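Everything below concerns the one structure shown next.
The values are calculated or read from the model by the stated rules, or taken from the named source; none is laboratory data. Computed from a predicted structure; not experimentally measured. Cβ placement follows ideal geometry from the backbone for every residue including glycine, while neighbour counts extend to all protein chains displayed. Each accessible area value is taken on the protein alone, full model and side chains, heavy atoms only, with ligands, DNA and RNA left out. Shrake-Rupley method; radii C 1.70, N 1.55, O 1.52, S 1.80 Å.
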Amino acid sequence: MNGQYAGYSQVSHSTSEFDVTELLHDGQNTLAVLVLKWCDGSYLEDQDKFRMSGIFRDVYLLKRPEQGIFDYFVTTDLRDRDGLLQVRASFFGGEVPVTASIFDMEGRPVGDCALSPLDGDERYQQYGEITVKRCALWNAEAPYLYTLVLETEHEVITDRVGFREISIRDNQVLLNGTPIKFRGVNRHDSDPVTGYTISIAQARRDLELMKRHNFNAIRTSHYPNQSFFYRMCDRYGIYVIDEMNLESHGAWEMVMSGRLPLADHIPGSDPKWREAVLARAEAMLRRDRNRPSVLIWSCGNESAGGDNLLAASGYFHTMDTRPVHYESLHQDPDYAKTSDIFSSMYWPAERLRAALEKDSSRPAISCEYAHAMGNSFGGQDVYIRLTDEVPSYQGGFIWDYIDQSIVKKDRYGKEFFAYGGDFGDDGIVDSLSRAPTAKMQEVKYLYQNLQVHVSDRTVEIVNRNLFTGSGEFACVVRLCREGVLLAEKPLETDVPPEERRTYPLPLWPESLDTEYTVAVSFRLRRDESWAKKGHEVAFGQWRGGRRAMAAHPESLLWKLCEGDIFKVNGKTPFDGRDAGDPTAIQVVEQYLNYLAFGVSNLINILEPDAMVIGGGICAQGEKLLVPLRERVRQMVYHTLFADRCRISIAQLGNSAGIIGAAGLAMV
C-alpha cells in the first residue's frame, strides 16, 4: 500500500485480510498486488485441474469503525420444537455494546438480546443467546432463513441464519435428527473464458439447474468456492461439503505408482508443512462457519495421510461441531481417525456393500462416483439402490458438474473451445453455455425424491423426502395413445416423508390395440427461487399395447432397417452368407453400436417378429446370435428403464426377426 509492504498469503482460493490503516494517508492512495506464479504452496495446490495464474477473486478495501466487531460466530441448537441461537463476538479497538436481533422471513421480530462479557474464552469476549419458539428448521427441501442483525453504536451487520443441527449417531450423519442422503455432485469454479472467476449470475445458473435436476449437495472440489456461493446455497437449499484448498496430486501419484515412499509424501508428517496446512484449514473455517449450508468440513483431496492432516482435522473439531471428511486414507490406514466418515472414490457398489458389511462403524459416502467424462456416465442406479438398502451408506457426489474447457486459438488465430485429450470434458453440464447434457436427464430421474411405480390401474408412491410430504406437490395423471394426449386428471396424494402408499389411477386405457402410456407427474404447486410453478420434480410411466413398426415409417429404427446402414458393397450382409461371415457380424455390431448412442433412452425390446432385416438370416439366426447375445443383454440391463424391458432372448433364434428382436425402440 503506497509502496509499503502490507502482507502475503499463499492460500489462493480463500480470503486473506490485511490491516492497512497505518499505511494510508490523506488524498490518493495506491494499492498494488504482486502475484507470484510459483511458491512452496504450489505443492499443496496441485489439484487435478487447469493451472491459471493471476487475480481471480475480488480485491477491495473495507472501511470499518475504529471500535467494532472483529469477528462473530453463530451456532444453533435445537431444544424440542424451539431453536437456540448463540452468538459470540470478538472486537478490535476495545469492546463495544452489541445488541443481537432476529427476524423471520416476513420481517417480523422473533427475539433479541444484549451480548454480555464472556469469561474463559480466549477467542471471544462477548456472548448472547436468543430462543425462537417453534422455529422453522433449515434443510435442502425447505431452506428457511432468519435474518440476524448485530448492532453497535457505529455499525449494523446483517446476516442470514438457519436453525439446523448436524450430528453423527448410530453410524449415520443426521440433519435435525434425521439421517440424510447426499444426492450430490463435485463442482469446480470453471469457465472457458473467465477461468476460475465465476460471477453471481453463473453461480445462480449452476444452482438453479442443480435444484431443477434434484441435486441436494455439492462438494467444493478441491478448494473453497467464492464466499457469495455459500450464501446462495443457504438460500436455494444445498448441502455443502466445504473442502479446504489442499491437494498434492503429483506426490500422491508418485506414491500410488511406487516411485515415492509413503513416508516422504507431502505434506505427510513433516513438521515444516504443519503451519501451511493449518493456515488453509483456518482460512476456510473462519470464513464459512456461519453458513447453515456447510454441513461437513473436508481436509482436502488426494494427499494421503499424516500428522499434518490429522492436525487439520483436530483443528476443525476444536473450533466447531461439524463432522470432518477426508478420503485419501486407504493407502494410509494408520490415520483413519482423520475422518469421521468412511469415504471412497469410484468403488463398485458391491465392493462398498462388502466393506460396510465388514465394518459399518462410520457413515459412508462416495465423495466421487459415476465419472461423467465424455459419454461414459452410467451405472449410477446401483448406488441409489445401495443408499436404500444399507443405512450407513449415505450417497455420493458425481464427478463432476461442468466440462472443463478453455478458449484457445488455432494456427490461423481463430478462437475455439479446447476439449478432449488433456482437456477435461468430464461434466454433466456443457461449459460453453452451462447447459445440461443428455446425462443430466438420467441424474434427474435417479435423484428424484418421489419414486413413482405405475402398474395395472394403480400407482405406488415412495416418498424419499425427509421432511416434505407428497401433498406439497401437484400430481397429474396423463393418458396418451401413440404419443397423443387423450386425457389428463389430477390425483391428490398424501404420502408422509419416508413412507409409501398406493392409489387407484383416475385414467387407464380401455383397450390395448396400439401403444398407450400412463404417466404420473409431480410438479411444483408454487413458484420457488429455482423454478416456476408447474416444474416437474418426479415422474413415473407405464407403457403397454403393441407398436407396429410398419405403421411408423418415420421412426428411426424403420429407416435404419430400410436404409443403407446394413449394406456392404451394395448388398445386405445376410444375402446368401453364412452367419459366421465376419462381414455379417461386423455390420450387426455396427447396428448395435449405433443404437447404443441412445442407451439412456432405451425402454423396450421389440417382439421377435416386429422387424425383418434383409431376409436370408432365418436359417443361420441362432449361430449369428451367439456372439451377440451377451452384448444385447449388457445393453439392455444397463439402461435406465431396464426394469420395464420385455426381454425375448430365448425367442431370438426362432424367426426371421432375429435382429429385430435385438433392436431397441427409442423414445
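Charged side chains reduced to their Cβ positions (Lys and Arg at +1, Asp and Glu at -1) give the stretch 18-147 a dipole of some 400 debye around its Cα centre. R205 contributes an accessible area of around 100 Å² to the protein surface, as traced by a 1.4 Å probe with all chains present.
Hey, can you find the accessible area per residue of the stretch 211-315 for me, probe 1.4 Å, expressed in square angstrom? That works out to 29 Å² for each residue.
Over all orientations, the stretch 75-232 has a Cα convex hull whose mean projected area works out to 12.7 square nanometres. For the stretch 111-165, take the alpha-carbon Rg, divide it by the Kirkwood Rh, and send me Rg/Rh. With Rg and the Kirkwood Rh in hand, the quotient comes to 1.03. As a rough guide to protection, the peptides 462-472, 109-119, 480-490 ranked by mean Cβ packing within 10 Å, highest first, stand as 462-472, 109-119, 480-490. Per residue, the accessible area of the stretch 414-549 comes to 49 Å², computed with a 1.4 Å probe over protein heavy atoms only. The packing ranking of peptides 143-152, 275-284, highest mean first, is 275-284, 143-152, where packing means the average number of other beta carbon atoms within 10 angstrom of each residue.
As a ratio to 2.2 N^0.38 Å, the alpha-carbon radius of gyration computed for the stretch 439-542 takes the value 1.08.
Using the alpha carbons alone, the radius of gyration of the stretch 236-354 stands to its Kirkwood radius in an Rg to Rh ratio of 0.98. An oblate overall shape is assigned to the stretch 306-419, the ratio a/c of its alpha-carbon gyration tensor axes (a ≥ b ≥ c) being 1.5 or greater and a/b not exceeding b/c.
For the residue pairs K211/K337; K37/K272; K444/K489; K408/K439; K439/K532, alpha carbon separations beyond 31 Å are given by K211/K337. Remark: relative contact order (the stretch 165-322) = 22 percent; criterion is Cα-Cα distance under 8 angstrom and separation of 6 or more residues.
Close amide-amide hydrogen proximity is noted between F163 and W138, Y146, each under 5 Å apart and 5 or more residues distant or on a separate chain (H modeled in the peptide plane; Pro and chain starts excluded). The peptide list 507-517, 331-341, put in order of mean Cβ contacts within 10 Å with the highest first, becomes 331-341, 507-517. Distant-in-sequence amide contacts of R289, defined by a placed amide H-H separation under 5 Å and a gap of 5 or more residues or a different chain, comprise nothing.
Taking Cα centre as origin and charging only the Cβ of basic (Lys, Arg, +1) and acidic (Asp, Glu, -1) residues, the dipole magnitude of the stretch 362-490 rounds to 260 debye. In this structure, the amide hydrogen of Q404, modeled 1.01 Å from its nitrogen in the peptide plane, lies closer than 5 angstrom to those of G424, D425, D426, G427, counting only residues at least 5 positions away or on a different chain. Karplus-derived 3J(HN,Hα) values for the stretch 23-28, using 6.51 cos²θ - 1.76 cosθ + 1.60 with θ = phi - 60°, are 9, 8, 9, 4, x, 7 Hz; glycine and proline are entered as x.
Please compute the length gained on full extension between L174 and D80, using 0.36 nm multiplied by the number of residues separating them and subtracting their Cα-Cα distance.
Separation in residues times 0.36 nm, less the Cα-Cα distance, equals 32.3 nm.
Taking the charge dipole of the stretch 193-307 about its Cα centre, with +1 at Lys and Arg Cβ atoms and -1 at Asp and Glu Cβ atoms, the residue from H249, Y196, G300 reaching farthest to the positive side is Y196.
Think of each Lys and Arg Cβ as +1 and each Asp and Glu Cβ as -1; about the Cα centre, that makes the dipole of the stretch 119-233 roughly 860 debye.
Across the stretch 109-117, coupling constants 3J(HN,Hα) worked out from phi with the 6.51/-1.76/1.60 Karplus curve, θ = phi - 60°, read x, 10, x, 7, 6, 9, 5, 10, x Hz, and Gly and Pro carry x. Taking a ≥ b ≥ c as the square roots of the eigenvalues of the Cα gyration tensor, the stretch 278-324 is classed as prolate, since a/c reaches at least 1.5 and a/b is larger than b/c. Each residue of the stretch 253-266 is assigned a 3J(HN,Hα), and the resulting list reads 5, 5, 5, 5, 8, x, 8, 9, x, 4, 5, 9, 5, 10 Hz, derived from the Karplus form 6.51 cos²θ - 1.76 cosθ + 1.60 (θ = phi - 60°), x at Gly and Pro.
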